[in-house]
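A short worksheet on the structure shown next.
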Amino acid sequence: QVQLEESGGGLVQPGGSLRLSCAASGIRDSIYQMAWHRQIPGKQRELVATITSGGMIVTANSVKGRFTISTNDAKNTVNLQMTTLKLEDTAVYFCFYGSDSVTAWGQGTQVTVSS
């Protein structure tokens, strides 16, 4: 069973930066993807960025050029470097792990962009 532990959320002013991290334990698959999604209350959860075990990256247009997803060398931690944050980036950010046999979600970490 894959377990995910997120860290790094918080309060930041517009234009600021934050870095989210998600550590995964229990990975047994050789092919998988890890991702960050976000959700605003009352709205559907949306994909922010995803990275596969092979290194392929997809980033949402709304954050392209501002957010960067990456993994560590062991590929068991996924990071989201967020820069030039906007008010509309305020949301709960969720880490996701997916393979042919297993999916898992983190509990979520709040990111609040406010002056």
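Odds and ends about this structure:
- Sequence-ordered 3J(HN,Hα) estimates for region 47-61 from the Karplus curve with 6.51, -1.76 and 1.60 and θ = phi - 60° stand at 6, 9, 6, 9, 9, 8, 5, x, x, 6, 10, 10, 10, 5, 4 Hz, glycine and proline given as x.
- Beta bridges per DSSP with both ends in the chain, % antiparallel, nearest 5: 95
- Thr84/Gln1 FRET efficiency (R0 35 Å; Cβ-Cβ; nearest 0.05): 0.45
- The protection proxy used here, the mean number of other Cβ atoms lying within 10 Å of each residue, ranks peptides 31-40, 98-107, 18-27 as follows, highest first: 31-40, 18-27, 98-107.
- Only lysines eight or more places from Lys43 in sequence, or on another chain, were considered; those with a Cα closer than 22 Å are Lys64, Lys86.
- Solvent-accessible area, 1.4 Å probe, carbon plus sulfur percent, for the chain: 48
- Modelled spin labels at Lys64 and Trp105, positioned 7 Å past Cα toward Cβ, are 2.7 nm from each other.
- Taking a ≥ b ≥ c as the square roots of the eigenvalues of the Cα gyration tensor, region 74-115 is classed as prolate, since a/c reaches at least 1.5 and a/b is larger than b/c.
The values are calculated or read from the model by the stated rules, or taken from the named source; none is laboratory data. Quick caveat: nothing in here was measured; it's all calculated off a predicted structure. Virtual Cβ from ideal backbone geometry, glycine too; neighbours counted across all protein chains shown. Note: accessible area is taken over every heavy atom of the protein model, side chains too, but ligands, DNA and RNA are not part of it. Shrake-Rupley method; radii C 1.70, N 1.55, O 1.52, S 1.80 Å.
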